[in-house]
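The values are calculated or read from the model by the stated rules, or taken from the named source; none is laboratory data. These numbers come from a predicted model, not from an experiment. Positions of Cβ are backbone-derived with ideal geometry, glycine not excepted, and every protein chain shown enters the neighbour counts. These accessible areas exclude ligands, DNA and RNA; they are computed on the full protein's heavy atoms, side chains included. Shrake-Rupley method; radii C 1.70, N 1.55, O 1.52, S 1.80 Å.
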Amino acid sequence: MRAVAVAEFGATPVLTDLPRPDPGPGEVLVKLVAAGLNPIDWKVADGLLKDAVEHSFPLILGSDGAGVVEAVGADVTAFRPGDQVYGSFQDVSRGLGSYAEFAVAPADGTLAAMPEGMIYSQAAAVPTASMTAWNAVRIAGADEGRTLLILGATGGVGQSAVQLGARNGARVIATARPDTTEEMRKLGASETVDYTGGGLGERVRALVPDGLDAVLDLVGSKAQLDEIVPLMRPGGTIVSTAHALNTDALEAQELRGVNMQNEASGDLLRTLADLIDAGELTIRIDEEVSLRDAPAALARNKAGGARGKTVIRL
Ligand SMILES: NC(=O)c1ccc[n+]([C@@H]2O[C@H](COP(=O)([O-])OP(=O)(O)OC[C@H]3O[C@@H](n4cnc5c(N)ncnc54)[C@H](OP(=O)(O)O)[C@@H]3O)[C@@H](O)[C@H]2O)c1
């Protein structure tokens, strides 16, 4: 099967031909139609998890995907061949991922049936980014009457977090370059702040002289955090998906810091699908590329400037 993989940590991802995986007991083999691109994909290729988990090479990149069940392993009753499904497909210990024509996932893992009306490219764009956004907004306690600042609001996680925070009734302030201001407002941001050109802290302070209740850091810039943390109210929560927080130092300032690791599940995928179906969550696709162009799309994502999600068509 065709797949995009790396031969070793730090190698350039290439389109290659690899054996189709077999579903083991409890696993589902899916013929993917679309894969979703996330920054973690190039981070894994660069060796982010090399000391934490065993990897096999060639290592197929990618976690998120959507497609049709091709076969199921022993003991699988929840899915049947022909079912349309989406979810997380990465198993680095076996060198398997979603940038491939076929991928496997545990039936009781992060896999769900695609709701009627959901298209493959949209389904593939949901898992990592929107589940992370959901969990981050929940941990931040961004509820009715609270003020939430999102740093890095224009990317995959950010676009969902803006909508989910606003849906909870929070006042959402989104960092955005001028070209994305209107889009952020449409998604539910009350205000946007241009983070370029310096003075981010002053601009946020002008908007919220009484302080921020919660911050989502989706960027990991220490310089930005140094400007923003002093604007938080005592008892406030800051969540970083980039693991950029010194939680002890924050605690000493009466703030709660959470370096968040996403917790994925089939149930959460179903919750998000219901929101999408109800029109309460929109997934903006920034670009769709072929598998051949996936390495170039990964390089573009690494360079920054994401405007929603990138989807790879298989
Ligand atoms: N810990 C976890 O479990 C977990 C889960 C999911 C994601 N993550 C991490 O969370 C981060 C965001 O993920 P994502 O999928 O949303 O990434 P993404 O789609 O690539 O989006 C990143 C966004 O941040 C913006 N940005 C870059 N530098 C910025 C800055 N200094 N200030 C404000 N905005 C800035 C980018 O636009 P511009 O460059 O135009 O500003 C882009 O829109 C990544 O580091 C990812 O690895 C972690």
Expected output for the stretch 268-295 (first residue touching a residue at least 40 places away in the same chain (Cβ under 8 Å) and farther than 17 Å from Val157 by Cα, partner among the charged types (D, E, K, R) and part of a strand (DSSP E or B), Cβ below 7 Å, 6+ apart or cross-chain) is Glu288/Arg313; Leu291/Arg2
(Q) Suppose the filter is open to solvent by 80 Å² or more (accessible area, probe 1.4 Å) and closer than 30 Å to Ala303 by Cβ; does Thr12 pass it? (A) yes
The residue from Ala189, Ala166, Ala161, Ala174 that alone is assigned to a loop (DSSP other than H, G, I, E, B), in contact with a helix residue (DSSP H, G or I) (Cβ under 9 Å, 6 or more places away or on another chain) and among the aliphatic types (A, V, I, L, M) is Ala189
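Residue by residue, here is whether (1) modelled with pLDDT of 95 or more; (2) open to solvent by 50 Å² or more (accessible area, probe 1.4 Å); (3) out of contact with any helix residue (DSSP H, G or I) (no Cβ under 8 Å at 6 or more places or on another chain); (4) within 11 Å of the ligand (Cβ to nearest atom) holds:
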position	(1), (2), (3), (4)
Asp22	yes, yes, yes, no
Gly26	yes, no, yes, no
Val30	yes, no, yes, no
Asn38	yes, no, no, yes
For Ala74, are the conditions met, namely being away from the ligand (no atom under 16 Å from the Cβ), open to solvent by 20 Å² or more (accessible area, probe 1.4 Å), in contact (Cβ under 8 Å) with a residue 40 or more places away in the chain and over 30 Å from Val219 (Cβ atoms)?
-> yes
When the stretch 105-118 is checked residue by residue, the ones that are farther than 15 Å from Gly82 by Cα and surrounded by fewer than 20 Cβ atoms within 10 Å (Cβ to Cβ) are Asp108, Gly109, Gly117, Met118
- For the stretch 242-249, does any single residue satisfy the condition of being surrounded by 19 or more Cβ atoms within 10 Å (Cβ to Cβ) and not in a loop (DSSP other than H, G, I, E, B)? no
